[in-house]
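For reference, the structure discussed in these notes is given below.
The values are calculated or read from the model by the stated rules, or taken from the named source; none is laboratory data. Bear in mind that the values here come from a model prediction, so they are computed numbers and not experimental data. Every residue, glycine among them, receives a Cβ derived from its backbone with ideal geometry; neighbour counts consider all protein chains shown. We work out accessible area using only protein heavy atoms, side chains counted, and drop any ligands, DNA or RNA first. Shrake-Rupley method; radii C 1.70, N 1.55, O 1.52, S 1.80 Å.
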Amino acid sequence: MRLTVVGCSGSGPGPASPASCYLVEHDGFRVLLDLGNGAFGTLQSLADPATIDALYLSHLHADHCLDVAPFIVWHRYSGRSRGRPVPLYAPPGADRRLAAAYYGDGAPLEDVFDFAVLTGEPFDLGPFAVRTARTAHPVECYAVRLTAGGRSLVYTGDTGASVAVVELARGADVLLAEAAHPDVPDLPEGLHLTGREAGEHAAAADVDRLMLTHVPAWVDPAAQLAAARAVFPAAELVAPGATYEI
């Protein structure tokens, strides 16, 4: 399994990275986990959009889904798409949310996407066995576990402290975890993880490797990493454009 970081900036694009977007590949099958603001441009430097076999949207906040709009334009007008709808897995209402973002009038997108609603039930996606878990976030959001070839990757999407995410990640090879909140007093609950909390989740889940992502441009990434390593030494920060073997 291979992970390529298309974008890892939290809450919106940053000066060095688009918002959240991760390309996961196994046996020639390619799935995008989220497609946040600015990510589609960078994606084209890393992979031909025609080779994307499926999209998975953890939730429908702009920094995780808004570059679906340029994907639609490319699919319809580039003359390079495969000419068939791309499976898109997302929480309920994605068809309306994405149509409104693209058109403003809610026109259908079924020529571009084959929409599948996330329900929390496991499913198969190409070579991947997929499990999901509802996270602690103000809108419906699902962390995802992809397993193939005896390896597993868990991506948190956005979440506050969550027992469900720990259980989903238990024993995983990699936990790709958001770490958007600095460790300061009076943080809102059920929104994001601090670096320390991401480390605590990795330790509780007994994962092999913690990869921190979704750090906003105004938060010190080195401080997030140091806080995570204080409780889980096998932590690292992802880098935009980097590829990791899992």
*Candidate set: segment 223-246, residues that are out of contact with any strand residue (DSSP E or B) (no Cβ under 8 Å at 6 or more places or on another chain) and small (G, A, S); chosen: the one farthest from R151 (Cα to Cα)*: A223
*Return a yes/no flag: does segment 122-129 have any residue that is open to solvent by 50 Å² or more (accessible area, probe 1.4 Å) and part of a strand (DSSP E or B).*
yes
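Residues being of a type in the set (G, A, S) and closer than 18 Å to G12 by Cα: count how many of those fall in segment 210-224.
Taking segment 210-224 as the starting set, the residues that turn out to be of a type in the set (G, A, S) are 217, 222-223.
Now drop any that are not closer than 18 Å to G12 by Cα, which leaves 217.
Total satisfying the criteria: 1.
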*asked:* For segment 56-68, check the following and say yes or no: at least one residue is among the β-branched types (V, I, T), touching a helix residue (DSSP H, G or I) at 6+ places or on another chain (Cβ under 9 Å) and crowded, with 23+ Cβ neighbours inside 10 Å.
replied: yes
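Checking the condition within 24 Å of R2 (Cβ to Cβ), within 20 Å of the chain's Cα centre (by Cα), open to solvent by 20 Å² or more (accessible area, probe 1.4 Å) and among the polar types (S, T, N, Q), which residue from T243, T213 passes? Give the steps one after another, and end with the answer.
Details: T213 fails: open to solvent by 20 Å² or more (accessible area, probe 1.4 Å).
Result of the check over T243, T213: T243.
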*Would you point out the residue of segment 84-98, among those that are in contact with a helix residue (DSSP H, G or I) (Cβ under 9 Å, 6 or more places away or on another chain) and small (G, A, S), that is surrounded by the fewest Cβ atoms within 10 Å (Cβ to Cβ)?*
A94
*Any chance segment 100-121 includes a residue that's exposed (fewer than 15 other Cβ atoms within 10 Å of the Cβ), of a type in the set (F, W, Y) and either touching a residue at least 40 places away in the same chain (Cβ under 8 Å) or not in a strand (DSSP E or B) (or both)?*
yes
